[in-house]
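*Asks:* Sharing a structure below in structure tokens format, with a few things to ask.
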Amino acid sequence: MKPHSVLCVLWTLIVTADGCSMTSCTHVTPQSPVVELGTDLTAFCILNETCLEKQSCVVTSRELFWKVGTMVIPESQYTQVNDSVSSVTFQPTLTMHNILFCSMKMFGQTEITLHGIFFTLGYPPEKPKNLSCICYSGKTLTCSWESGRPTIIPTTYTLKQYWTLDTRTACVTEDKSSCTLHYPDFILHIDTTFLVEAVNDLGSAESSAIVFDIIDVVKPDPPEILTVTPVLQKTLKIDWKNPMDYLRYKLRYRPIDSPEWSEVPPEDLENTRSSFILQGLESYTTYNISMRCKPKKAGFWSEWSQEYTSTTSESAPSRGPELWRKIGKTDSEGKRTVKLMWKDLKSHANGKILGYNVTVRRGPEVINSFTVESRTCTITVPRESCEVLLTAYNSQGSSPPSSLIIPACTDQKVIQPADLNFKAFSQDGLLGVEWTPLGKALGYVIEWCNNSESMDCDVEWQREQSNVVRTFLRGDIKPFVYYLIRLNPLYRDGQERSSTVGTYLRQGAPEEGPIIQTKSTGKTWVTLTWKPIPLKKQNGVITNYTIKYGDNNSPSKVVTVGANVTEYMLKSLAARTAYSVIVTANTEKGSKAGLPLSFTTLQFDSGEVEAIVVSSCLGFLVSVLILCFLFCNKREQIKKHLWPSVPDPSKSNIAQWSPQTPSRHESKQHPFQDGPITDVSVVQITAGKEKSYSDQDLLSEDVIKKNTSEGLSSGIGGSSCLSSPQTSVSGSDGISCAQNTSSTVQYSTVIMGGYQGQTPMFSRSESTQPLLISEERPDEQQPQTPEEETQPPSQYFKQNFTQEDGGKNQEPPPPSAPIQEPAAATQVLHLAGFSHGHDNLNFTDSQSQEDAPSDEQKTYLPQGVRQGGYLPQ
């Protein structure tokens, strides 16, 4: 803050009391002091007593106090010199305000600032060091030094120069590091003493003096190149303008496409000159040229001049182009298509290439010769080995020929030598290859192409000499790009013995992951398949694939497979379960996962349902066969349990009691046996005297009733007619047997009235068919008329009786009159046995039948009934 600003502030703080003006009667000393940092500042506040008396003010120094800015200094740092002078001593710092105030309080309350001063903090200058000077082109002299610690406060530096007899104008500056003198304020070719003096409010310092001739510290301007022109082949003449006399030079040059400079030997440019012929250059090559100079005895090198560009003249190409080929397939005529390609000659062209001469020969015979302007062409060659010669030409001539052998077409597979040991590497951002040298190789050709797994691509290539075993690929090689590199040793026979390697300049994580899908799914397995990541998106060599899968109820599992695997079967899965799977491709520098895939296992494996159905069908078939086998073997037992055999009444034999009929025990032709019906007896009715029943007949009938009713009919399954409790079988009773029996009865027949000593017999049948009337009421017969007695006997039963003979189950009409018993009859009944279930019981009659005549046949059958009819049941 400037002093006049302080005054404005002070005047605004003027306070008058009772007409007393204190500010005009007070001042502080010293005014605007400069204080070195780290030292004390002492100030005095002086009251003018005379002035105070005139203002009628009564104030003493005891009432005064000190402030730095707004901070009050403690009273312990005050000193009361007398009643009108008060002093303060304190050590200021850079953080304090730089204004010191002398103040007082009126009536002990109102603060009044009486006077104030500014103070400045800083350091005294240090001694300048390392004084040095440079004279630029003899026009300006600049000296520089090191000033040391900053002074904070303004400091003046003065560069002084003098010699023994005179003192020159000094250079005064506030710059703490340098000062410049302009000619003629300095003199050349005389020793001059120089020093620097530094001065500020806190002190001064002076550097050590140095003595030198200013000409020895001159730094001239660079030479000005005027022209550069080609004079001969591979030479350029340079003309320039010197900035001053007594100079020496440096001259440098480089091809325009090269970063490296070449310099002319220093001894060739020791003397002052203004031109130079530059030799040993490449023909038809553009060069950049620059030069600089310095005083011959001493001084400093000038800056490099501005670059000048010029081109040398043309000459014939110095060498033939680098030549290579790509051999196609052999056609039906045995010829092959060969693509020839060669490199630009660049610096070896020595001029503008106008075209190329191509010659194809087989031994001394020239097969083809032509000229092309491009750097590739296609030719047709025979199966035999041939040679291609290539030359480039410009306005000054042709290059030496480049030769390439096209090997003969052969079906033999060339085996790569095992000791080649070809490998690739990356270094300093470059992709290189190295190999073991082969003694018989004439050279090597290195081919490469990007993002390809075979050499059937647009290749880049370079050729190396036979002594080279390590080189870097000269091309635009990019990171994360796959390069397939092939090394071809060259032999005199032209046969290929190549070796191939794939590599990356720098690897990274793949750009995309594998895309997976399910190939087939089973109950506990699934086959996954995925396509390899495109080569352009791999960004590195795939080392392996990681398969991560799992369901929602169990932790995930991880499987790692090789880089060449694109199909994998997951096993030991749960049936009918949803799974999620993801496949990750891994390189040396990173990984990339593909999209997840969800699938659900099956409930049954393929063929499992068919196996269950087939096995069930086979089991059912086997069971049926077993049942059929058992049925065939146990047919009779099964038939007996499921459907018992029921004899057919229409096919039954009624027992025949006749004198001509032999006894069962005497005749072997008609025995009573179980089995099929073999014979039916015929009952004949003959006329005879009417005879009433005798007591013996009634007795026999009672015996039969007794036997049948008391136990012979039990166990048969139903009561027979003979088991009825009725005592008479005459028709006058009017009671049918069917009224006392069930609708289905088991047949039983009583063979009664023993004939010729035979005992009565009881035969039972298990049939449930209704009884014929002749079987149910054998003792009922229709009364015979006299006319009927003379008629031949009627045959009521005949052999092989069927239902057509009257066995149909028809309901007969009710009888109109009671059935009469015969007057006289002899009851004879003979019933043949049935095939199943017959029980034969013999009864012994108490009365003999010996009195009956042997030729008389007696019957006891019901009369007046339709033949084959049934009585009502």
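*Asks:* What pairs come up if the first residue lies in segment 278-289 and is farther than 19 Å from Ala316 by Cβ and in contact (Cβ under 8 Å) with a residue 12 or more places away in the chain, the second is open to solvent by 20 Å² or more (accessible area, probe 1.4 Å) and of a type in the set (D, E, K, R), and their beta carbons are under 8 Å apart, counting only those six or more places apart or on different chains?
*Replies:* Qualifying pairs under 8 Å: Leu278/Lys237; Tyr287/Arg254; Asn288/Arg254; Asn288/Glu307; Ile289/Arg252; Ile289/Glu307.
*Asks:* Right, another one. Only residues that are crowded, with 19+ Cβ neighbours inside 10 Å and polar (S, T, N, Q): list them for segment 42-76, please.
*Replies:* Correct list: Ser61 only.
*Asks:* State all residues of segment 193-239 that are crowded, with 19+ Cβ neighbours inside 10 Å, in a loop (DSSP other than H, G, I, E, B) and among the aliphatic types (A, V, I, L, M); if no residue qualifies, say none.
*Replies:* Passing the criteria: only Leu202.
Listed here are the residues, each with its yes/no results for (1) under 60 Å from the mean Cα position of the chain (by Cα); (2) at pLDDT 90 or above.
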| residue | (1), (2) |
| --- | --- |
| Glu197 | no, yes |
| Asp221 | no, yes |
| Ile225 | no, yes |
| Val228 | no, yes |
| Lys234 | no, no |
| Arg252 | no, yes |
| Trp261 | yes, yes |
| Val264 | no, yes |
| Glu267 | no, yes |
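*Asks:* Looking at Ile516, Ile485, can you tell me which residue is farther than 27 Å from Gly443 by Cβ and in contact with a strand residue (DSSP E or B) (Cβ under 6 Å, 6 or more places away or on another chain)? Walk me through it before giving the result.
*Replies:* Details: Ile485 fails: farther than 27 Å from Gly443 by Cβ.
Every option except Ile516 fails the conditions.
*Asks:* Right, next: Name the pairs: first residue in segment 79-94 and over 19 Å from His27 (Cβ atoms), second residue open to solvent by 80 Å² or more (accessible area, probe 1.4 Å) and modelled with pLDDT under 90, Cβ to Cβ under 6 Å, at least 6 apart or on different chains?
*Replies:* Once the first residue is over 19 Å from His27 (Cβ atoms) and sits in segment 79-94, its partners that are open to solvent by 80 Å² or more (accessible area, probe 1.4 Å) and modelled with pLDDT under 90 give Gln91/Asp40.
*Asks:* If a residue must be open to solvent by less than 50 Å² (accessible area, probe 1.4 Å) and not hydroxyl-bearing (Ser, Thr, Tyr), how many such residues does segment 327-356 contain?
*Replies:* 13
*Asks:* Filter segment 280-290 down to the residues that are surrounded by 12 or more Cβ atoms within 10 Å (Cβ to Cβ) and not hydroxyl-bearing (Ser, Thr, Tyr) and list them by number. Write out each step before concluding.
*Replies:* Taking segment 280-290 first, the residues surrounded by 12 or more Cβ atoms within 10 Å (Cβ to Cβ) are 281-290.
Within segment 280-290, Leu281, Glu282, Asn288, Ile289 qualify.
*Asks:* Let me ask another. Against the conditions (1) modelled with pLDDT of 85 or more; (2) surrounded by 12 or more Cβ atoms within 10 Å (Cβ to Cβ); (3) over 37 Å from the mean Cα position of the chain (by Cα); (4) not aromatic (Phe, Trp, Tyr), where does Leu597 fall short? Just the number, please.
*Replies:* Only one criterion in (1) modelled with pLDDT of 85 or more; (2) surrounded by 12 or more Cβ atoms within 10 Å (Cβ to Cβ); (3) over 37 Å from the mean Cα position of the chain (by Cα); (4) not aromatic (Phe, Trp, Tyr) is unmet by Leu597, namely (3).
*Asks:* Restricting to segment 157-169, count the residues that are farther than 18 Å from Lys127 by Cα and either of a type outside the set (Phe, Trp, Tyr) or not in a strand (DSSP E or B) (or both). Spell out the reasoning first.
*Replies:* Step one: of segment 157-169, the residues farther than 18 Å from Lys127 by Cα are 162-169.
Subset that is either of a type outside the set (Phe, Trp, Tyr) or not in a strand (DSSP E or B) (or both): 163-169.
Qualifying residue count, segment 157-169: 7.
*Asks:* Say whether the condition of being open to solvent by less than 50 Å² (accessible area, probe 1.4 Å) and either modelled with pLDDT under 95 or assigned to a strand (DSSP E or B) (or both) is met by at least one residue in segment 611-622. Show your work before the answer.
*Replies:* Pass one, segment 611-622, residues open to solvent by less than 50 Å² (accessible area, probe 1.4 Å): 619.
Okay, now just the ones that are also either modelled with pLDDT under 95 or assigned to a strand (DSSP E or B) (or both), so 619.
Yes; the residues of segment 611-622 include at least one that is open to solvent by less than 50 Å² (accessible area, probe 1.4 Å) and either modelled with pLDDT under 95 or assigned to a strand (DSSP E or B) (or both).
*Asks:* Can you confirm whether segment 497-520 contains a residue that is modelled with pLDDT under 90 and in contact with a Pro (Cβ under 6 Å, 6 or more places away or on another chain)?
*Replies:* Yes, segment 497-520 has at least one match.
*Asks:* Just need a number here: residues in segment 537-563 that are of a type outside the set (D, E, K, R) and over 15 Å from the mean Cα position of the chain (by Cα).
*Replies:* At the first step, the residues of segment 537-563 found to be of a type outside the set (D, E, K, R) are 538-547, 549-550, 552-556, 558-563.
Now drop any that are not over 15 Å from the mean Cα position of the chain (by Cα), which leaves 539-541, 552-555.
The total comes to 7.
*Asks:* Scan segment 247-257 for residues that are in contact with a helix residue (DSSP H, G or I) (Cβ under 9 Å, 6 or more places away or on another chain) and assigned to a loop (DSSP other than H, G, I, E, B) and jot them down.
*Replies:* From segment 247-257, those in contact with a helix residue (DSSP H, G or I) (Cβ under 9 Å, 6 or more places away or on another chain) are 248-251, 255, 257; that's our starting set.
Within segment 247-257, Asp257 is the sole residue that qualifies.
Yes/no per residue for (1) in a strand (DSSP E or B); (2) surrounded by fewer than 17 Cβ atoms within 10 Å (Cβ to Cβ); (3) of a type outside the set (S, T, N, Q):
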{"site": "Cys457", "(1), (2), (3)": "no, yes, yes"}
{"site": "Glu464", "(1), (2), (3)": "yes, no, yes"}
{"site": "Pro479", "(1), (2), (3)": "no, yes, yes"}
{"site": "Arg486", "(1), (2), (3)": "yes, no, yes"}
{"site": "Arg492", "(1), (2), (3)": "no, yes, yes"}
{"site": "Glu496", "(1), (2), (3)": "no, yes, yes"}
{"site": "Thr500", "(1), (2), (3)": "yes, yes, no"}
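*Asks:* Turning to a different aspect of this structure: Do we find a residue being part of a loop (DSSP other than H, G, I, E, B) and crowded, with 17+ Cβ neighbours inside 10 Å anywhere in segment 427-436? Even if it seems obvious, please write down each step before you answer.
*Replies:* As a first pass, look at segment 427-436 and keep what is part of a loop (DSSP other than H, G, I, E, B): 428-429, 435-436.
Among the residues that remain, those that are also crowded, with 17+ Cβ neighbours inside 10 Å are: 435.
The answer is yes, given that some residue of segment 427-436 is part of a loop (DSSP other than H, G, I, E, B) and crowded, with 17+ Cβ neighbours inside 10 Å.
*Asks:* Here is a further query. Here are some residues: Lys241, Lys160, Lys237, Lys250. Which one is of a type in the set (Lys, Arg), closer than 30 Å to Ala316 by Cβ and touching a strand residue (DSSP E or B) at 6+ places or on another chain (Cβ under 6 Å)? Working first, answer last.
*Replies:* Working: Lys241 fails: closer than 30 Å to Ala316 by Cβ; Lys160 fails: closer than 30 Å to Ala316 by Cβ; Lys250 fails: closer than 30 Å to Ala316 by Cβ.
Sole residue among the options that is of a type in the set (Lys, Arg), closer than 30 Å to Ala316 by Cβ and touching a strand residue (DSSP E or B) at 6+ places or on another chain (Cβ under 6 Å): Lys237.
*Asks:* List every residue pair whose Cβ atoms lie under 8 Å apart, where the two residues are 6 or more positions apart in sequence or sit on different chains, the first residue falls within segment 335-349 and is over 16 Å from Cys457 (Cα atoms), and the second residue, located anywhere, is of a type in the set (Phe, Trp, Tyr).
*Replies:* Once the first residue is over 16 Å from Cys457 (Cα atoms) and sits in segment 335-349, its partners that are of a type in the set (Phe, Trp, Tyr) give Trp342/Trp324; Trp342/Tyr356; Ala349/Tyr284.
*Asks:* Next question, about the same structure. Kindly provide the set of residues from segment 136-162 that are open to solvent by less than 40 Å² (accessible area, probe 1.4 Å) and out of contact with any Pro (no Cβ under 6 Å at 6 or more places or on another chain), ordered by number. Quick ask: steps written out before the conclusion?
*Replies:* To start, the set of residues in segment 136-162 that are open to solvent by less than 40 Å² (accessible area, probe 1.4 Å) comprises 137-138, 140-143, 145, 147, 151, 153, 155, 157-159, 161.
Passing the criteria: Gly138, Thr140, Leu141, Thr142, Cys143, Ile153, Tyr157, Thr158, Leu159, Gln161.
*Asks:* Looking only at residues that are among the β-branched types (Val, Ile, Thr) and modelled with pLDDT under 85 in segment 21-35, which one is surrounded by the most Cβ atoms within 10 Å (Cβ to Cβ)? Spell out how you get there, then give the answer.
*Replies:* Going through segment 21-35, the residues among the β-branched types (Val, Ile, Thr) turn out to be 23, 26, 28-29, 34-35.
Okay, now just the ones that are also modelled with pLDDT under 85, so 23, 26.
Working: Thr23: 16, Thr26: 23.
Only one residue fits best here, namely Thr26.
*Asks:* Another one. Taking Ile152, is it in contact with a Gly (Cβ under 7 Å, 6 or more places away or on another chain) and among the hydrophobic types (A, V, I, L, M, F, W, C)?
*Replies:* Working: in contact with a Gly (Cβ under 7 Å, 6 or more places away or on another chain): yes; among the hydrophobic types (A, V, I, L, M, F, W, C): yes.
It is true that Ile152 is in contact with a Gly (Cβ under 7 Å, 6 or more places away or on another chain) and among the hydrophobic types (A, V, I, L, M, F, W, C).
*Asks:* To continue, here is another question. Does Glu373 fit the bill of being crowded, with 17+ Cβ neighbours inside 10 Å, of a type in the set (Asp, Glu) and touching a strand residue (DSSP E or B) at 6+ places or on another chain (Cβ under 6 Å)?
*Replies:* Numbers: crowded, with 17+ Cβ neighbours inside 10 Å: no; of a type in the set (Asp, Glu): yes; touching a strand residue (DSSP E or B) at 6+ places or on another chain (Cβ under 6 Å): yes.
The answer is no for Glu373.
The values are calculated or read from the model by the stated rules, or taken from the named source; none is laboratory data. None of the values given here were measured: they were computed from a predicted structure. Here the Cβ is made from the backbone with ideal geometry for all residues, glycine too, and neighbour counts use every protein chain on show. Just so you know, the surface numbers come from the protein's heavy atoms only, side chains and all, with ligands and any DNA or RNA stripped out. Shrake-Rupley method; radii C 1.70, N 1.55, O 1.52, S 1.80 Å.
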